[in-house]
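For reference, the structure is listed below as C-alpha coordinates.
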Amino acid sequence: AVLLVWRLLQARRSPAGEDAGVPAMAPARGDAAGSFEIKSKGRQFLVHASEIDWIEAAGNYVILHTSTGQHLLRETLKAALARLDPGMFVRVHRSAAVNANRVSGIDARTKEVEMLNGDRAPVARACWSELAARLSARNG
(Lines give C-alpha, C1' and ligand atoms only; values in the text may rest on other atoms or scores of the structure.)
Protein backbone atom coordinates (compact mmCIF):
# COMPACT_ATOMS: atom_id res chain seq x y z
CA ALA A 1 0.00 0.00 0.00
CA VAL A 2 2.88 2.36 0.79
CA LEU A 3 4.51 1.57 -2.54
CA LEU A 4 1.25 2.31 -4.38
CA VAL A 5 0.89 5.71 -2.71
CA TRP A 6 4.57 6.49 -3.37
CA ARG A 7 4.15 5.59 -7.08
CA LEU A 8 1.07 7.75 -7.31
CA LEU A 9 2.84 10.71 -5.74
CA GLN A 10 5.79 10.27 -8.11
CA ALA A 11 3.43 10.06 -11.09
CA ARG A 12 1.68 13.23 -9.98
CA ARG A 13 5.00 15.13 -9.87
CA SER A 14 6.13 14.03 -13.32
CA PRO A 15 4.45 15.26 -16.50
CA ALA A 16 4.49 11.69 -17.85
CA GLY A 17 2.54 10.42 -14.82
CA GLU A 18 -0.69 9.97 -16.72
CA ASP A 19 1.03 7.84 -19.34
CA ALA A 20 2.67 5.66 -16.71
CA GLY A 21 -0.54 3.68 -16.17
CA VAL A 22 -1.19 5.18 -12.76
CA PRO A 23 -4.67 6.66 -12.19
CA ALA A 24 -4.91 10.34 -11.36
CA MET A 25 -5.60 11.31 -7.76
CA ALA A 26 -8.75 13.25 -7.06
CA PRO A 27 -10.38 14.62 -3.95
CA ALA A 28 -13.39 12.57 -2.98
CA ARG A 29 -16.71 14.10 -3.91
CA GLY A 30 -20.10 12.78 -4.81
CA ASP A 31 -23.69 12.92 -3.80
CA ALA A 32 -25.25 11.80 -0.54
CA ALA A 33 -26.70 8.68 -2.19
CA GLY A 34 -23.33 6.91 -1.99
CA SER A 35 -21.52 7.80 -5.16
CA PHE A 36 -17.99 9.03 -5.68
CA GLU A 37 -16.79 11.54 -8.26
CA ILE A 38 -13.74 10.18 -10.05
CA LYS A 39 -11.32 12.26 -12.10
CA SER A 40 -9.00 10.24 -14.28
CA LYS A 41 -7.06 11.15 -17.42
CA GLY A 42 -8.99 14.35 -17.98
CA ARG A 43 -12.39 12.69 -17.59
CA GLN A 44 -14.87 13.02 -14.77
CA PHE A 45 -17.49 10.40 -13.87
CA LEU A 46 -19.46 8.95 -10.95
CA VAL A 47 -18.99 5.54 -9.40
CA HIS A 48 -22.15 4.47 -7.58
CA ALA A 49 -22.08 2.29 -4.48
CA SER A 50 -23.81 -0.57 -6.28
CA GLU A 51 -20.87 -0.73 -8.74
CA ILE A 52 -18.24 -1.14 -6.01
CA ASP A 53 -17.09 -4.69 -5.26
CA TRP A 54 -14.79 -3.82 -2.39
CA ILE A 55 -12.79 -0.93 -0.97
CA GLU A 56 -9.13 -1.11 -0.02
CA ALA A 57 -7.38 1.39 2.25
CA ALA A 58 -3.98 2.80 1.26
CA GLY A 59 -3.05 5.32 3.93
CA ASN A 60 -5.19 8.44 3.47
CA TYR A 61 -6.47 7.07 0.17
CA VAL A 62 -8.93 4.36 -0.80
CA ILE A 63 -8.97 2.17 -3.87
CA LEU A 64 -12.46 1.44 -5.15
CA HIS A 65 -12.44 -1.97 -6.83
CA THR A 66 -15.18 -2.22 -9.46
CA SER A 67 -15.86 -4.53 -12.38
CA THR A 68 -14.50 -1.84 -14.72
CA GLY A 69 -11.24 -1.28 -12.83
CA GLN A 70 -9.70 0.39 -9.81
CA HIS A 71 -10.21 4.03 -8.85
CA LEU A 72 -8.11 5.96 -6.35
CA LEU A 73 -9.65 8.59 -4.07
CA ARG A 74 -8.05 10.92 -1.57
CA GLU A 75 -10.22 9.85 1.37
CA THR A 76 -9.81 7.53 4.35
CA LEU A 77 -11.66 4.23 4.53
CA LYS A 78 -13.60 5.46 7.55
CA ALA A 79 -14.82 8.56 5.69
CA ALA A 80 -15.72 6.56 2.58
CA LEU A 81 -17.75 4.06 4.61
CA ALA A 82 -19.58 6.90 6.37
CA ARG A 83 -20.95 7.97 2.97
CA LEU A 84 -22.16 4.46 2.06
CA ASP A 85 -25.14 2.35 3.13
CA PRO A 86 -24.08 0.33 6.21
CA GLY A 87 -26.53 -2.38 5.19
CA MET A 88 -24.62 -2.90 1.95
CA PHE A 89 -20.97 -2.58 3.02
CA VAL A 90 -19.23 -4.55 5.76
CA ARG A 91 -15.84 -3.64 7.15
CA VAL A 92 -13.89 -6.89 7.17
CA HIS A 93 -10.40 -5.66 7.99
CA ARG A 94 -8.71 -2.44 9.07
CA SER A 95 -7.75 -2.00 5.43
CA ALA A 96 -10.80 -3.42 3.62
CA ALA A 97 -14.58 -3.29 3.33
CA VAL A 98 -16.74 -5.39 1.01
CA ASN A 99 -20.07 -4.97 -0.72
CA ALA A 100 -22.08 -7.83 0.85
CA ASN A 101 -24.10 -8.15 -2.36
CA ARG A 102 -20.94 -8.91 -4.36
CA VAL A 103 -19.50 -11.65 -2.12
CA SER A 104 -19.40 -15.11 -3.65
CA GLY A 105 -17.89 -16.93 -0.67
CA ILE A 106 -15.57 -16.91 2.30
CA ASP A 107 -12.47 -19.04 2.72
CA ALA A 108 -12.01 -20.06 6.36
CA ARG A 109 -8.56 -21.52 5.70
CA THR A 110 -6.99 -18.36 4.26
CA LYS A 111 -9.31 -15.93 6.11
CA GLU A 112 -10.28 -14.18 2.89
CA VAL A 113 -13.53 -13.23 1.22
CA GLU A 114 -13.94 -13.94 -2.48
CA MET A 115 -15.86 -11.50 -4.63
CA LEU A 116 -18.02 -12.35 -7.65
CA ASN A 117 -15.32 -10.99 -9.98
CA GLY A 118 -12.66 -13.28 -8.46
CA ASP A 119 -10.92 -10.66 -6.29
CA ARG A 120 -10.01 -11.63 -2.75
CA ALA A 121 -9.99 -9.35 0.29
CA PRO A 122 -8.54 -10.09 3.75
CA VAL A 123 -10.84 -10.76 6.71
CA ALA A 124 -9.66 -10.04 10.25
CA ARG A 125 -10.50 -12.56 12.98
CA ALA A 126 -12.47 -9.88 14.84
CA CYS A 127 -14.69 -9.29 11.79
CA TRP A 128 -15.22 -12.92 10.84
CA SER A 129 -18.41 -13.52 12.85
CA GLU A 130 -20.08 -10.28 11.68
CA LEU A 131 -19.35 -11.11 8.05
CA ALA A 132 -20.67 -14.66 8.40
CA ALA A 133 -23.84 -13.38 10.10
CA ARG A 134 -24.41 -10.75 7.39
CA LEU A 135 -23.96 -13.29 4.61
CA SER A 136 -26.22 -15.87 6.23
CA ALA A 137 -28.93 -13.22 6.78
CA ARG A 138 -28.62 -12.23 3.13
CA ASN A 139 -28.95 -15.81 1.93
CA GLY A 140 -31.93 -16.72 3.89
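The values are calculated or read from the model by the stated rules, or taken from the named source; none is laboratory data. All figures in this text were calculated on a predicted structure; none of them were measured in a lab. Note that each Cβ is placed from the backbone with ideal geometry, even for glycine, and that neighbours are counted across all protein chains shown. Protein only, heavy atoms only, side chains kept; ligands, DNA and RNA dropped before computing areas. Shrake-Rupley method; radii C 1.70, N 1.55, O 1.52, S 1.80 Å.
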TODO: Give the accessible area for THR76 in Å² (nearest 10); use a 1.4 Å probe, count only protein heavy atoms, and leave out ligands, DNA and RNA.
DONE: 60 Å²
Task: Relative contact order (percent, whole number), the range 37-76, Cα cutoff 8 Å, 6+ residue spacing - done: 30 percent
TODO: Kindly sort ILE106, ILE38 by accessible area of their heavy atoms, largest first, with the probe set to 1.4 Å.
DONE: ILE106, ILE38
Task: Solvent-accessible area per residue for the range 48-140 (1.4 angstrom probe, square angstrom) - done: 51 Å²
Task: Span from the the range 39-80 Cα centroid across to the the range 84-109 one, whole angstrom - done: 15 Å
Task: Charge sum, other residues only, whose C-beta stays under 12 Å from ILE52's C-beta, Lys/Arg counted +1 and Asp/Glu -1 - done: -3
TODO: Between beta-carbons, use under 14 Å as the cut-off and find the net charge around GLY105, counting Lys and Arg +1, Asp and Glu -1.
DONE: +1
